[in-house]
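The structure appears right after this line, and notes come after that.
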Amino acid sequence: MGKGRSGYSFPLYELTDETRIALARGYELPIKWKHAREICNAIMERGMFLHEAIEYLKAVMEKKAAVPFKRFKGNVGHRRELHDWKWAPGRYPYKAAKYILRVLENALNNARDKGLDEKRLKIILIAAHKSRILRRRPDRRGPGLLRGWKVKRGTNLEVVVMEIPEEIEREEEEEVEEELMKEEAEEITAEEKEEVAEEEAIGEEEEVEEKLEEEVEEETVEEEEGEEE
């Protein structure tokens with residue numbers, strides 16, 4: 001837990017400039033920790049800015065985008081929206097997305113109060129933790145048969161956003177453009193290889209046809225010579 005700031009695991013005391021930092025926290029949210037963990041992992045994996053994460057969660061709530069389930073993927077269906085993620089199992093956790101969206105909007109409001117630029121706010125940490133046990137009751141199979149205990153937990157969420165300088169933002173945009181150029185070049189090379197393979201196959205077919213035609217011509221010439229004799 002961060003020094004001097006209870007409830008946050010990010011070491012804020014190690015930062016040189018805390019004026020460009022905005023915080024938000026959700027305490028004992030009534031959502032599944034597993035769903036919250038997968039949403040946080042998706043946001044951190046893509047390195048989203050705050051406005052991008054808000055748009056992403058709104059799309060998840062409208063079932064226009066899916067959340068990739070990479071740890072808790074048992075019996076999870078495949079989603080076509082995850083083609084760009086290069087991952088198949090995913091879900092649309094509406095309730096978890098709704099509550100996490102509220103925390104992100106709270107972080108945005110805190111950043112506005114500090115006078116930070118909304119478009120340059122990057123999420124440097126978003127994490128979900130299990131909260132305390134809110135309720136526990138016995139799970140009975142019948143009279144006198146106790147199978148265990150049913151436990152109800154909430155989820156604690158922490159969000160830390162930072163205003164990124166323009167220079168770093170430009171470097172990141174250049175890196176993204178370079179990655180896109182590499183992907184396009186790989187796609188072009190793959191298409192060229194397919195075209196070359198098709199041309200080679202067509203050339204082989206033409207060679208076989210020419211050989212057959214030559215053999216037929218030789219046979220007809222031999223037959224004509226035999227008839228003349």
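The values are calculated or read from the model by the stated rules, or taken from the named source; none is laboratory data. What you are looking at is a predicted structure, and each value in this text was computed from that prediction instead of being measured. Neighbour counts run over all protein chains shown; Cβ positions are idealised from the backbone, glycine included. We work out accessible area using only protein heavy atoms, side chains counted, and drop any ligands, DNA or RNA first. Shrake-Rupley method; radii C 1.70, N 1.55, O 1.52, S 1.80 Å.
Of the numbered conditions (1) of a type outside the set (Phe, Trp, Tyr); (2) buried (at least 16 other Cβ atoms within 10 Å of the Cβ); (3) out of contact with any strand residue (DSSP E or B) (no Cβ under 6 Å at 6 or more places or on another chain), His51 fails exactly one; give the number of that condition.
Here His51 clears every test but (2).
Yes or no: region 8-25 includes at least one residue that is farther than 18 Å from Leu125 by Cα, out of contact with any Lys or Arg (no Cβ under 6 Å at 6 or more places or on another chain) and among the aromatic types (Phe, Trp, Tyr).
No.
Which residues, counting only those in region 66-88, are touching a Leu at 6+ places or on another chain (Cβ under 9 Å) and open to solvent by 20 Å² or more (accessible area, probe 1.4 Å)?
Ala88
Given (1) of a type outside the set (Gly, Ala, Ser); (2) within 16 Å of Leu157 (Cβ to Cβ); (3) outside any loop (DSSP other than H, G, I, E, B), identify the lone condition not met by Glu81.
Tallying (1) of a type outside the set (Gly, Ala, Ser); (2) within 16 Å of Leu157 (Cβ to Cβ); (3) outside any loop (DSSP other than H, G, I, E, B), Glu81 fails exactly one: (2).
Residue-by-condition table, conditions (1) assigned to a helix (DSSP H, G or I); (2) under 15 Å from His129 (Cα atoms); (3) at pLDDT 90 or above:
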{"residue": "Ser6", "(1), (2), (3)": "no, yes, no"}
{"residue": "Tyr13", "(1), (2), (3)": "yes, no, no"}
{"residue": "Glu18", "(1), (2), (3)": "no, no, no"}
{"residue": "Leu23", "(1), (2), (3)": "no, no, yes"}
{"residue": "Gly26", "(1), (2), (3)": "no, yes, yes"}
{"residue": "Ile39", "(1), (2), (3)": "yes, yes, yes"}
{"residue": "Glu55", "(1), (2), (3)": "yes, no, yes"}
{"residue": "Ala59", "(1), (2), (3)": "yes, no, yes"}
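Could you grab the pairs with beta carbons closer than 6 Å, sequence gap of 6+ or different chains, first residue in region 128-154 and closer than 30 Å to Met44 by Cβ, second one open to solvent by 100 Å² or more (accessible area, probe 1.4 Å) and at pLDDT below 85?
Matching pairs, first to second residue: Leu134/Lys152; Val151/Arg136; Lys152/Arg135.
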